[in-house]
């Protein structure tokens, strides 16, 4: 698609038109910039929500790096080969996740969502879940 002058047009996705993505554990993710929504080939942008006292499945991404921004809430970001590194995260924090890096966001709050903006450099991620690793009980 292009404008009348042949230059490509920007794509705006309204909040009621987000793409529902597959949940990871208790974490849900809604994409606003994706290959399906905007035709993007080299970037993907979504908002993820982890409910109070819950977490995503421990996992890693084979084919992309990710950048995460903590919008609101408090929690832990587990990472490392055995997910033995536990860093506290909160509003304003930025997280870089290289390819093949085990990780798991955990919401430690009893009453507030952990809200994350997630960007990655691939239109579709290849995820490997680590079913017996990390916080299975999310606490």
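Nothing in this text is a laboratory measurement; each read-out follows from the coordinates by a stated rule. If you're wondering where the values come from, they're calculated on a predicted model, not measured in any experiment. We place every Cβ from the backbone using ideal geometry, glycine too, and count neighbours over all the protein chains shown.
For a protection proxy built on the mean count of beta-carbon atoms within 10 angstrom, sort 102-108, 129-135, 47-53 highest first, please. Don't skip to the answer; put the middle values down first.
Values: 102-108: 23.6, 129-135: 14.9, 47-53: 18.9.
Listed from highest to lowest mean packing, they are 102-108, 47-53, 129-135.
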Checklist entry - Between residue 13 and residue 112, what length comes free when the chain is fully extended (0.36 nm per residue of separation minus the Cα-Cα distance, one decimal in nm)? => result 33.0 nm
Checklist entry - Using Cα pairs under 8 angstrom and six or more residues apart, how large is the relative contact order of the range 18-129, in percent? => result 34 percent
Checklist outcome for this item: Relative to the compact-globule estimate 2.2 N^0.38 Å (N residues), the Cα gyration radius of the chain stands at a ratio of 1.11
Checklist entry - Exposure proxy check: 87, 93 ranked by fewest other beta carbons within 10 Å? => result 87, 93
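If each residue of separation counts as 0.36 nm, what is the full-extension length gain between residue 69 and residue 85 once their alpha-carbon separation is subtracted? Don't jump to the answer; show the numbers that get you there.
Working: separation 16, 0.36 × 16 = 5.76 nm, distance 1.86 nm.
Stretched fully, the residue 69-residue 85 segment lengthens by 3.9 nm.
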